Amino acid sequence: MVIVPARDEGPRIAAVVRSVAAALPGVEIVVIENGSTDDTADRARLAGATVLHSEVGYARALRVGFVHAHASHAPWVVTVDGDGQHPAEALAALLRGLDDADLVVGSRFLEDAGYPVPAGRRLAIGALSAWASLFGGQALTDVTSGLRAMRPAVVAAFALDYPTDVADANVLVRALRAGWRVVEVPVAMRPRLSGSSQHQSPSKSALFALRMAQLCVREGLSHPGRAPRLPTPQPPAGR
Ligand SMILES: Nc1nc2c(ncn2[C@@H]2O[C@H](COP(=O)(O)OP(=O)(O)O)[C@@H](O)[C@H]2O)c(=O)[nH]1
Ligand SMILES: [Mg+2]
């Protein structure tokens, strides 16, 4: 199942849904919308997606998707942004990554794919990645990437308990501390062509990053010892 959080992505959401459907024929695509002032929900539905609604916020939207996927016994879940930044061509590599991992992250920085990230943002992501790596105990390069694939055991855990305000680097620290196998695969992402990012304002972004850093510490400290690894299930079926 592919989960797509989307707010005010009316001009972009249909193309995202169609490109995912073309890359993974037959897959259920669930767009989780809230607070849009445009026709995001209608366009997503017309393009063939299931549309669910959530309370405001990216993290809460994802949680609604995980609950739905868990109830549907989805054999795997991929989260994809609804603004067109995540290329559907990357989905196959993400799913292949699940053969040997519980959670796979699409990274813009693992290989230099020439993704034009403004210097300040690149620095912030680098610093957060180093910080999360420290508390998670494993080196990661793109801890704010929303392009992630996961096995059902991870989905079940997220359906039960997922952060409600900030859910990026801190989720990866939680995953690592839980003993889940996390891997990154390189992905060439695209810049946002229109619409606006939730991280538009520099002051809000800085506060968001500080909050994320704080939550990484909290996740790290609340699981001081590594829990036993998840039992290794069979490679995910139903691609
Ligand atoms: N449902 C929902 N989706 C959101 C919300 N905020 C952001 N999104 C979606 O989450 C995805 C990533 O957000 P974006 O602003 O592009 O973040 P960025 O890529 O980190 O700049 C996009 O598809 C947004 O439409 C929200 O409050 N609710
Ligand atoms: Mg974006």
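Values as computed for the structure displayed
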| read-out | value |
| --- | --- |
| Close pairs (7 angstrom Cβ cut-off, 6 or more residues apart or separate chains): within 14 Å of ligand 1 (Cβ to nearest atom) in region 199-224, at pLDDT 90 or above anywhere | PHE208/VAL166; ALA209/LEU128; MET212/LEU128; MET212/VAL166; MET212/ASP168; MET212/ALA169; MET212/ASN170 |
| Filter result (in contact with a strand residue (DSSP E or B) (Cβ under 9 Å, 6 or more places away or on another chain) and either more than 21 Å from SER197 (Cβ to Cβ) or in contact (Cβ under 8 Å) with a residue 24 or more places away in the chain (or both)) within region 27-42 | VAL27, GLU28, ILE29, VAL30, VAL31, ILE32, GLU33, ASN34, SER36, THR40, ASP42 |
| Failed item in (1) surrounded by fewer than 15 Cβ atoms within 10 Å (Cβ to Cβ); (2) modelled with pLDDT of 95 or more; (3) among the basic types (Lys, Arg), with ARG63 passing the rest | (1) |
| For ARG122: the one exception among (1) in contact (Cβ under 8 Å) with a residue 40 or more places away in the chain; (2) farther than 22 Å from ARG7 by Cβ; (3) within 16 Å of ligand 1 (Cβ to nearest atom); (4) not polar (S, T, N, Q) | (1) |
| The one condition in (1) touching a strand residue (DSSP E or B) at 6+ places or on another chain (Cβ under 9 Å); (2) surrounded by 15 or more Cβ atoms within 10 Å (Cβ to Cβ); (3) not hydrophobic (A, V, I, L, M, F, W, C) that GLY84 fails to fulfil | (1) |
| Verdict on VAL64 being more than 22 Å from ARG190 (Cα to Cα) and β-branched (Val, Ile, Thr) | yes |
| Selection status of SER129, polar (S, T, N, Q), touching a Ser or Thr at 6+ places or on another chain (Cβ under 7 Å) and at pLDDT 95 or above | no |
| Number of positions in region 1-26 that are of a type outside the set (D, E, K, R) and without any contact (Cβ under 8 Å) to a residue 40 or more places away in the chain | 6 |
| Hits in region 1-36 (condition: modelled with pLDDT under 95 and either of a type in the set (Ser, Thr, Tyr) or over 18 Å from the mean Cα position of the chain (by Cα) (or both)) | GLY35, SER36 |
| All helices (runs of 4 or more DSSP H) inside region 22-137 with 3 or more residues being of a type in the set (Gly, Ala, Ser) | 58-71, 91-97, 119-136 |
| Residue match in region 121-131 (condition: surrounded by fewer than 23 Cβ atoms within 10 Å (Cβ to Cβ) and closer than 15 Å to VAL78 by Cβ) | no |
| Residue selected from region 24-63 under the condition touching a Pro at 6+ places or on another chain (Cβ under 9 Å) and within 23 Å of LEU95 (Cα to Cα), by the criterion nearest to ligand 2 (Cβ to nearest atom) | TYR58 |
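The values are calculated or read from the model by the stated rules, or taken from the named source; none is laboratory data. Not measured: the values here are computed from a predicted model. For neighbour counting, all protein chains shown are included, and Cβ atoms are generated from backbone atoms with ideal geometry for every residue, glycine included.
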